[in-house]
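Derivation of every value follows stated rules applied to the coordinates shown; laboratory data play no part. Computed from a predicted model, the values in this text were never measured in an experiment. Neighbour counts run over all protein chains shown; Cβ positions are idealised from the backbone, glycine included.
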């Protein structure tokens, strides 16, 4: 059985985004803070990270080692994203990619969670990294929302 706590954490990220970000006016989400980032920028980063994670997970499950997905320079893999996407659209795109990730993880046998391909990190370790990335981005988003 897959790690329900990890899966619950992945679901909770999407729930938090829907409850705390989607309800904020778009203009406020696009306004950059003193540090230069806007909530929309952080949401785009989360969407891009999730798109890459989901694709990498699929590749890993099929036998291709997962690359390091949290680098600053990689672009999303789907190509359907545009600069005009609203924050709500970014959240929806994130949710679609997250649901794909969850579907793959739910169907993954226990032995696959802790196995690694060619010495790569295990899927469990990669999911911990994804949750850590979620927490960091959510903390930044919350900080920006509270400063307004």
Notebook entry, point to check: Separation of region 1-50 and region 133-148 by C-alpha centroid, Å?
Noted result: 8 Å
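Rounded to two decimals, what is Rg over Rh for region 82-148 when you use alpha-carbon atoms and the Kirkwood radius?
Numbers: Rg = 15.6 Å, Rh = 14.3 Å.
Reported Rg/Rh, Kirkwood definition of Rh: 1.09.
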Check: Measuring from label point to label point, each 7 Å out along Cα→Cβ, what is the residue 147 to residue 5 span in nm?
Finding: 3.3 nm
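Fewest to most neighbouring Cβ within 10 Å: what's the order for 128, 94? Don't skip to the end; give the middle numbers.
Numbers: 128 15, 94 22.
Starting with the residue having the fewest Cβ neighbours, the order is 128, 94.
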